[in-house]
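The values are calculated or read from the model by the stated rules, or taken from the named source; none is laboratory data. Because the structure is a prediction, the values reported are computed rather than measured. Positions of Cβ are generated from backbone atoms using ideal geometry, with glycine treated the same way; all protein chains shown enter the neighbour counts.
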Amino acid sequence: MFNTRRTAIALVVLALFLLANIGAAFAAGQVLTPGKWAPETYKSMQKLIDENGKYGPSYNAANKPYAVFDWDNTCIMNDTEEALYMYQIENLAFKLTPEEIGYLVRKNVPDGAFVKDYNNAAGQEVTLEAVATDIVDSYTFLYNNYAGLKGKMSLDEIKKTDQYLDFRAKMWYAYDAIGETYGTKVSYTWVLFFFKNMTTAEVQALAEKSNDYALGLSIRKDKWVSPASLPGKAGVVGASRTTGLRLTEEIADLMQTLRANGIDVYVCTASLEDVVAVFATNPKYGYNVARENIIGMRLNKVNDVYQDTYKDGWVQTGEHGKTIAITSVVAAKRGFGPILVAGDSSGDYNMMTEFADVKRVLLVNRLKGGKFGKLCQEAAATIGTPGAKYLLQGRDENTGLWMPTQKMLKLGKTTPALTAN
């Protein structure tokens with residue numbers, strides 16, 4: 001009798017204990033998977049979700065809090081727009097005549113020589129006009145001979161020609177040199193113009209092929225150099241590139257956890273909005289962001305065909321332009337800014353610092369300097385500090401995967417570092 005009563009009491013106590021813990025777990029909502037988060041960064045991010053999500057004390061379901069993520073090198077490893085441009089070049093995936101290529105290569109780029117880092121193999125300065133002339137000459141041969149354009153040669157056959165090697169190297173060199181000489185405000189729109197004459201569906205199909213191809217490539221740095229047999233006006237030139245893309249499971253899980261806790265997720269990118277939408281919305285990649293929550297660069301379209309002009313009245317979504325775009329699409333309607341911003345470069349600095357409502361800034365560590373580097377230094381100095389606003393997260397560039405530390409390991413290196421200085 002006594003043992004039976006004691007057992008019954010014990011079972012009741014156990015049941016109450018289990019119910020209490022189940023209730024506590026339910027009240028806490030979905031939690032982040034630890035994955036490869038730096039422990040202190042993980043704890044701070046989870047605390048942000050707990051305090052501001054739908055189980056937090058001041059949550060308003062009628063006007064949800066929201067988070068904003070940069071895309072390239074934040075949500076993924078490397079740059080989907082640049083990977084697509086490489087894929088276009090390698091596969092001659094253009095709907096352009098030689099005359100159109102020549103016009104677009106020159107479009108909106110100032111006259112003059114590129115910075116000295118882009119001198120040719122003979123040490124001579126190179127102008128845009130010189131490299132544009134060479135690109136047109138090589139593309140004219142490709143246009144007339146490749147079966148995918150006007151000719152009869154297969155892609156494999158055309159890739160063996162010096163004209164293909166010249167076009168490939170000088171197209172990539174032009175993009176890199178323009179960016180380094182005149183800044184990304186010029187190069188990030190310039191690269192989009194080569195979608196001219198394509199429909200949205202055509203570009204998005206190309207983007208998916210590019211994504212899948214790049215996800216299967218090794219991560220390595222190499223260089224496309226033009227052949228000495230075709231020096232042209234620019235001479236022998238080349239530019240380095242980093243191959244491969246990688247998914248970031250921790251970011252995908254963070255996005256899902258935010259949504260499960262009633263916090264909306266947005267992406268603000270300096271790549272073409274339609275291109276990033278392929279990656280961010282397609283379930284096979286795991287991010288599942290709503291299409292209307294993708295904010296990025298836009299081109300004018302006529303009957304759904306891309307033009308070689310930037311979208312009338314729409315801001316370029318880089319630097320302060322990101323703040324303007326986020327305000328226009330979200331903040332002005334909700335009456336407040338994001339509670340979380342995530343990024344990896346100085347192009348994200350403005351949206352990280354210009355909204356008073358931001359409680360956490362997730363800095364994907366790439367050992368960058370400049371304005372972004374200053375935020376990284378502040379984050380490094382406040383690791384483990386309760387309520388720290390700036391949080392570092394490390395990554396191994398050799399694998400493309402996060403590391404459970406705030407330190408970052410550069411491609412080809414073996415020793416990680418915390419900050420650039």
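Sort through Gln307, Gln256 and tell me the only one that's touching a residue at least 12 places away in the same chain (Cβ under 8 Å) and more than 26 Å from Ile339 (Cα to Cα). Steps first, please.
Working: Gln256 fails: more than 26 Å from Ile339 (Cα to Cα).
After ruling out the rest, the residue left standing is Gln307.
Return the pairs, sorted by first residue and then second, in which the second residue is among the charged types (D, E, K, R) and not in a loop (DSSP other than H, G, I, E, B), the first residue lies in region 359-388 and is assigned by TED's automatic domain parsing to the domain that holds Leu340 and surrounded by fewer than 16 Cβ atoms within 10 Å (Cβ to Cβ), the beta carbons are less than 8 Å apart, and the residues are 6+ apart or on different chains.
Pairs found: Gly384/Glu40.
If I filter region 140-149 for residues that are surrounded by fewer than 20 Cβ atoms within 10 Å (Cβ to Cβ) and free of Cβ contacts under 8 Å to residues at least 12 places away in the same chain, do I get at least one hit?
Scanning region 140-149, I find at least one residue that is surrounded by fewer than 20 Cβ atoms within 10 Å (Cβ to Cβ) and free of Cβ contacts under 8 Å to residues at least 12 places away in the same chain, so the answer is yes.
Of the residues that make up region 127-135, is at least one of a type in the set (Gly, Ala, Ser), within 22 Å of Glu90 (Cα to Cα) and not in a loop (DSSP other than H, G, I, E, B)?
Among the residues of region 127-135, at least one is of a type in the set (Gly, Ala, Ser), within 22 Å of Glu90 (Cα to Cα) and not in a loop (DSSP other than H, G, I, E, B), which makes the answer yes.
Please count how many residues of region 121-139 are crowded, with 21+ Cβ neighbours inside 10 Å and touching a Lys or Arg at 6+ places or on another chain (Cβ under 8 Å).
Final tally of qualifying residues: 6.
Inspect all residues belonging to region 350-367 and state whether any of them is in a strand (DSSP E or B) and under 29 Å from Asp222 (Cα atoms).
yes
Please work out which one of (1) touching a Leu at 6+ places or on another chain (Cβ under 7 Å); (2) β-branched (Val, Ile, Thr); (3) surrounded by 20 or more Cβ atoms within 10 Å (Cβ to Cβ) is the condition Thr243 fails and give its number.
Status for Thr243: all satisfied but (3).
Could you say whether any residue in region 159-166 is of a type in the set (A, V, I, L, M), without any contact (Cβ under 8 Å) to a residue 60 or more places away in the chain and in the same structural domain as Leu206 (by TED's automatic domain parsing)?
No, region 159-166 contains no residue that is of a type in the set (A, V, I, L, M), without any contact (Cβ under 8 Å) to a residue 60 or more places away in the chain and in the same structural domain as Leu206 (by TED's automatic domain parsing).
For region 151-160, does any single residue satisfy the condition of being at pLDDT 95 or above, among the small types (Gly, Ala, Ser) and buried (at least 18 other Cβ atoms within 10 Å of the Cβ)?
Taking every residue of region 151-160 in turn, none turns out to be at pLDDT 95 or above, among the small types (Gly, Ala, Ser) and buried (at least 18 other Cβ atoms within 10 Å of the Cβ).
Kindly provide the set of residues from region 204-235 that are touching a residue at least 24 places away in the same chain (Cβ under 8 Å), in a helix (DSSP H, G or I) and within 30 Å of Lys410 (Cβ to Cβ), ordered by number.
Ala207, Glu208, Lys209, Ser210, Asn211, Tyr213, Ala214, Leu215, listed by residue number.
From the list Gly321, Gly286, Gly296, which one is within 26 Å of Asp264 (Cα to Cα), surrounded by 14 or more Cβ atoms within 10 Å (Cβ to Cβ), under 14 Å from the mean Cα position of the chain (by Cα) and in the same structural domain as Val267 (by TED's automatic domain parsing)?
It is Gly296.
Which of (1) of a type in the set (Val, Ile, Thr); (2) within 30 Å of Tyr164 (Cβ to Cβ); (3) modelled with pLDDT under 95 does Ile76 not meet, given it meets every other one?
(3)
Would it be correct to say that Leu142 is assigned to a helix (DSSP H, G or I), at pLDDT 95 or above and under 19 Å from Ser229 (Cβ atoms)?
yes
For the list (1) among the β-branched types (Val, Ile, Thr); (2) touching a Pro at 6+ places or on another chain (Cβ under 8 Å); (3) surrounded by fewer than 23 Cβ atoms within 10 Å (Cβ to Cβ), I need the number of the one condition that Thr281 fails.
Only one criterion in (1) among the β-branched types (Val, Ile, Thr); (2) touching a Pro at 6+ places or on another chain (Cβ under 8 Å); (3) surrounded by fewer than 23 Cβ atoms within 10 Å (Cβ to Cβ) is unmet by Thr281, namely (2).
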